[in-house]
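What follows is one structure encoded as structure tokens, with my remarks underneath.
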Amino acid sequence: MLNRRGFTLVEIMLATTTMLIVSGAVYQLLVTAQRLSRTQAAQLGVQTNVRGAVLAVLNELRELSSVEGGSGAQNDLLSTTPGAMIYRAMRGTGFTCQPATESEVRISRTSFSGHREPQAGRDSVLLYLVAAPETVPAWTPAAITGMSTAASCPGVIGSGITLTVSPTVGLVGTGAGTPVRFYEIMELRLYQSDGQSWLGTRSISAGESIQPLFGPLTGPDGFRLTYLSASGLPTNNPTAIKSIEVTARGTSVGVPSFELSGQVALRNAWRR
């Protein structure tokens with residue numbers, strides 16, 4: 001007869017204890033790995049959010065222009081503070097294909113480029129006009145009150161873009177090939193909602209309410225605009241601004257804040 005020998009109580013207890021220790025260590029390792037994964041995902045989310053905010057603002061402001069000492073249509077910066085800005089946001093460009101009247105501008109479809117087609121009641125136009133041979137050309141604004149694609153340009157197959165604008169005497173006699181820019185008045189600012197800070201935007205021209213663009217950001221310092229002159233020094237004079245530094249700072253629960261800055265030169269930064 002074979003001599004069968006089982007485990008003793010001490011061996012069973014030792015094996016159970018060892019198994020519990022190993023299981024606890026594995027569990028702790030899994031918890032740590034999961035916590036680290038969540039933290040890394042949160043950090044990545046914050047960094048992506050901040051980078052997106054800075055890049056979006058830089059791209060939006062790239063077409064802005066200012067003329068030192070200028071007024072009216074010469075300056076696209078309408079209001080500037082460290083946490084907010086109101087400006088003319090350029091939405092497209094084109095060239096006229098026939099002489100304009102005081103209330104109608106027709107643009108060649110093939111010359112048009114932009115984010116979208118002009119919208120009546122929301123957008124305005126700027127025409128680059130020369131009042132007389134000895135005068136300096138200037139951008140002349142007019143509000144768009146109607147838009148149609150029914151008519152074509154002279155000698156061109158296909159539709160043009162015909163804009164009905166607010167009566168502007170200065171447009172009369174403007175020849176074909178005149179540069180045209182389309183814009184709407186926008187506001188960009190840091191605002192509070194549900195106890196958090198957000199970078200928001202709205203179309204003042206369209207009467208919109210503020211909408212979140214990026215966030216959440218860190219309190220009152222989550223978004224900052226620094227306006228710089230041609231010499232690179234901060235300035236409070238909107239007509240002297242030649243570049244804008246954009247800074248965004250984001251955070252999330254359990255992760256350190258992340259800050260990123262970028263700078264954009266205005267369209268005519270070379271002019272003094």
In the stretch 214-272, how many are among the aromatic types (Phe, Trp, Tyr) and either free of Cβ contacts under 8 Å to residues at least 60 places away in the same chain or over 18 Å from residue 81 (Cβ atoms) (or both)?
-> 3
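Taking the stretch 120-129 as the search range and keeping residues that are at negative phi and assigned to a loop (DSSP other than H, G, I, E, B), which one is surrounded by the most Cβ atoms within 10 Å (Cβ to Cβ)? Give the steps one after another, and end with the answer.
First, the residues of the stretch 120-129 that are at negative phi: 120, 122-129.
Now narrow it down to the ones that are assigned to a loop (DSSP other than H, G, I, E, B): 120, 122-123.
Numbers: 120: 14, 122: 18, 123: 24.
By that ranking, first place goes to 123.
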Extreme residue, surrounded by the fewest Cβ atoms within 10 Å (Cβ to Cβ), among residues of the stretch 97-112 that are closer than 21 Å to residue 65 by Cβ and at pLDDT 90 or above | 112
Can you work out which of the residues in the stretch 137-156 that are among the aliphatic types (A, V, I, L, M) and at pLDDT below 85 is farthest from residue 112 (Cα to Cα)?
-> 138
Determine whether residue 66 is in a strand (DSSP E or B) and either surrounded by 11 or more Cβ atoms within 10 Å (Cβ to Cβ) or within 19 Å of the chain's Cα centre (by Cα) (or both).
-> no
Quick one: residue 207 ticks every box in (1) loosely packed, with under 12 Cβ neighbours inside 10 Å; (2) in contact with a helix residue (DSSP H, G or I) (Cβ under 9 Å, 6 or more places away or on another chain); (3) not aromatic (Phe, Trp, Tyr) bar one, so which box is it?
-> (2)
Could you list all residues from the stretch 157-173 that are modelled with pLDDT under 90 and either within 29 Å of the chain's Cα centre (by Cα) or surrounded by 22 or more Cβ atoms within 10 Å (Cβ to Cβ) (or both)?
-> 160, 171
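Across the stretch 100-119, which residue is nearest to residue 208 (Cα to Cα) among those that are assigned to a loop (DSSP other than H, G, I, E, B) and within 22 Å of the chain's Cα centre (by Cα)?
Of all residues in the stretch 100-119, those assigned to a loop (DSSP other than H, G, I, E, B) come to 100-103, 108, 112, 115-119.
Keeping just the survivors that are within 22 Å of the chain's Cα centre (by Cα) gives 112, 115-119.
Working: 112: 26, 115: 19, 116: 18, 117: 19, 118: 17, 119: 15 Å.
Applying the filter and picking the extreme gives 119.
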Working carefully through the options 80, 48, find the one that is under 24 Å from residue 260 (Cβ atoms), out of contact with any Ser or Thr (no Cβ under 6 Å at 6 or more places or on another chain), outside the structural domain of residue 162 (by TED's automatic domain parsing) and without any contact (Cβ under 8 Å) to a residue 12 or more places away in the chain.
-> 48
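So that you can scan it fast, the table gives a plain yes or no per residue for (1) surrounded by 20 or more Cβ atoms within 10 Å (Cβ to Cβ); (2) under 17 Å from residue 89 (Cα atoms):
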{"residue": "178", "(1), (2)": "yes, no"}
{"residue": "190", "(1), (2)": "yes, no"}
{"residue": "219", "(1), (2)": "no, no"}
{"residue": "226", "(1), (2)": "no, no"}
{"residue": "229", "(1), (2)": "no, no"}
{"residue": "238", "(1), (2)": "no, yes"}
Answer yes if at least one residue in the stretch 87-103 is on the phi < 0 side of the Ramachandran plot, in contact with a Leu (Cβ under 6 Å, 6 or more places away or on another chain) and among the charged types (D, E, K, R), and no otherwise.
-> yes
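The values are calculated or read from the model by the stated rules, or taken from the named source; none is laboratory data. Source: prediction; values computed, not measured. Counting neighbours? That spans all protein chains shown, and the Cβs are built from the backbone with ideal geometry, glycine included.
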